[in-house]
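To start, the structure itself, in structure tokens.
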Amino acid sequence: MARSAKIGFISLGCPKALVDSERILTQLRAEGYETSARYDDADLVVVNTCGFIDAAVEESLEAIAEAVAENGRVIVTGCLGARPERISERCPEVLAVSGPHAYEEVMAQVHRHLPPPHDPFLDLLPPQGIKLTPRHYAYLKISEGCNHRCSFCIIPALRGDLVSRPVGEVLLEAERLVESGVRELLVVSQDTSAYGTDLRYRADLWRGRLVRARMTDLARALADLPAWIRLHYVYPYPHVDELIPLMAEGGILPYLDMPLQHASPAILKAMRRPAAADRTLARIERWRKECPELVLRSTFIVGFPGETEAEFEELLDFLRAARLDRVGAFVYSPVEGAAANALPGAVPDEVRQDRLRRFMAAQAEISRERLRERIGELAIVLVDALRDDWIIARGPWDAPEIDGKVLIANEWDLTVGDFVKVRILDASDHDLIAEPVL
Ligand code: SF4
């Protein structure tokens, strides 16, 4: 027999809020939910609020309080949701709060607290949706677009300015992924450090507390989940400092993927990048003192227009001083539509290739040394795949696809997705060899 899924819906506010209500109700009906006009007949109540003037705020708060008293299971959305503290002060029992135009978030919250009625077609899909990654790790996209205008990049032209996902929606997706067996979440975006600036850091209610849409607050909330949390594309803005204690405590992985692109001030300026290499070096040093396990990954571009031998040497000096753990490098190549195409001082192709070779040789030596320093260490690794001879795993210091591996002789009874304690026995240029410690 089909389970009951009846929703009470209270719609307050202006015509824009009404349109939001219609969209949510249409989606609810499309998914097979019924609506109910009575509190005692509904399995859940959604209140779409108004927050325009004091009287509207009071009316919304009264409607929420009434729904909580009469039904008990209440989700709040709409304009007043942009000030979730007002709601949690008055009605801490509400299940979830989202702001205006948050259709997807409201639907995600409804699914969480009242699963949709059985549908033989839709129910073929797992609750976490279809993922293209293996079952034990998943990418968590927190925003789209970018507010920077790096001269070599056309992403802002293609995808527009930064649009962050509401933090409640991101956390809900993260929670679902972990519940479905994901052991590692890889937080991605074009610019993770800028997360939430477009939302003015608007807070959402999650697990009974307010979480702001800000990278460090999101990382702190994600740290509550029983999974590895790895941050990608973090630019070295000042608030990145706040992540380091969380890494040192083991809340999130001590891993920062920080695309620096270059180290020479002149080239960074031509790239329109907001960074200064000397300050970056000082910060890296400070971070490592605070969290010695910290692993830094970065990407660089060599042969950018105007890069002379002197500027390239500056980059090599930075590389040797920073001793980053993992580094990717690309030869500059013009992208149609990028502002950098108009810059003077194009570097001949053979010089670009030669610089890439020299850059990679310098980094290979550093990586080798960094990996050798791990020999004898004890670490927890995550099993990625089973091969005939080897169990392929990864340590906290390796992101999937882009970094190295930890190889364990295939003599152990391990499964993909297992966390295993190992001792590092040996190191090659990119990978480590380890054995489990029982
Ligand atoms: S390179 Fe990154 S930070 Fe720069 S514009 Fe492109 S997406 Fe934004």
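Looking only at Cβ-Cβ distances, which cysteines of the chain have no other cysteine closer than 4.7 Å?
C14, C50, C79, C91, C146, C291, each lacking another Cys Cβ under 4.7 Å.
With a bin width of 5 angstrom, please list the P(r) values of the range 235-367 as percents of all Cα-Cα pairs, from the 0 bin to the one holding the largest distance.
Reading upward from the zero bin: 2, 10, 20, 22, 18, 13, 9, 5, 2, 0.
Read phi for every residue in the range 152-166 and hand back ³J(HN,Hα) as whole Hz from Karplus 6.51 cos²θ - 1.76 cosθ + 1.60, θ = phi - 60°, with x for Gly and Pro.
So the J values, rounded to whole Hz, are 9, 10, 10, 4, x, 5, 7, 10, x, 6, 4, 10, 8, 7, x.
With the full set of protein chains in place, find how many percent of the accessible area of the chain is carbon and sulfur; take the probe as 1.4 Å.
With neighbouring chains kept in place, the figure for the chain is 54 percent.
Treating each Cα of the range 32-116 as an identical point scatterer and ignoring solvent, apply the Debye formula and state log10 I(q)/I(0) at q = 0.15, 0.16 Å⁻¹.
-0.49, -0.56
Nearest 10 degrees is fine. How inclined is helix 167-179 to the longest principal axis of the chain, computing both from alpha carbons?
80 degrees
Considering the Cα positions of the range 305-438, please state its Rg to one decimal place and its Dmax as a whole number of Å.
Just the Cα atoms of the range 305-438 yield Rg and Dmax of 19.3, 60 Å.
What whole number of Å gives the distance from the Cα centroid of the range 308-352 to the Cα centroid of the range 289-305?
First find each Cα centre; the distance between them is then 14 Å.
Check each of the trypsin sites (Lys or Arg not before Pro) in the range 329-430 and keep only those in coil by DSSP with at most 10 other C-beta atoms within 10 angstrom; list them in order.
Here the trypsin sites (Lys or Arg not before Pro) that fit, given the DSSP loop and packing criteria, are R387.
Please state the shape class of the range 180-236: rounded when a/c is under 1.5, otherwise prolate if a/b exceeds b/c and oblate if not, all from the C-alpha gyration tensor.
Taking the square roots of the gyration eigenvalues as a ≥ b ≥ c, the range 180-236 is oblate.
Skipping prolines and chain starts, which residues have an amide H placed within reach, meaning under 5 Å, of the one on S36, given they are 5 or more residues away or on another chain?
Amide H neighbours of S36: I7, G8, F9.
For the peptides 276-286, 324-334, what is the packing order when you average, over each peptide's residues, the other Cβ atoms within 10 Å and list the highest mean first? Before the final figure, lay out each step's value.
Working: 276-286: 14.2, 324-334: 18.0.
Answer by packing, highest mean first, reads 324-334, 276-286.
On C-alpha positions alone, give me the angle between the axis of helix 54-70 and the longest principal axis of the chain, in degrees, nearest 10.
Approximately 80 degrees, to the nearest 10.
Any lysines with Cα under 17 Å of the K405 Cα? List them, leaving off those in the same chain fewer than 8 positions away.
The qualifying lysines are K421.
Given a 10 angstrom Cα cut-off, can you work out which residue in P116, P236, P348 is the most mobile in a GNM of the chain?
Highest fluctuation among the options: P348.
Could you give the nm distance between label points at I53 and R272, where each point is 7 Å from its Cα heading toward the beta carbon?
Label at I53, label at R272, 4.4 nm between them.
Can you list residues from other chains, or at least 5 along the same chain, whose modelled amide H is less than 5 Å from the amide H of V182?
Close amide H contacts, sequence-distant or interchain: none at all.
Consider just the alpha-carbon atoms of the range 305-354 and return their Rg together with their Dmax, both in angstrom.
Over the range 305-354's Cα set, Rg and Dmax evaluate to 12.7, 35 Å.
Could you run the Karplus curve 6.51 cos²θ - 1.76 cosθ + 1.60 with θ = phi - 60° over the range 235-240 and give me ³J(HN,Hα) per residue in whole Hz, x for Gly and Pro?
8, x, 6, x, 6, 4
Across 20 Å bins from 0, what is the distribution of all Cα-Cα pair distances for the chain, in whole percents?
Taking every Cα pair in the chain, the percentages come to 22, 47, 27, 4.
The values are calculated or read from the model by the stated rules, or taken from the named source; none is laboratory data. What you see is a predicted model; the values in this text were computed from it and never measured. Positions of Cβ are generated from backbone atoms using ideal geometry, with glycine treated the same way; all protein chains shown enter the neighbour counts. Quick note on the areas: whole protein, heavy atoms, side chains included, nothing else; ligands and nucleic acids left out. Shrake-Rupley method; radii C 1.70, N 1.55, O 1.52, S 1.80 Å.
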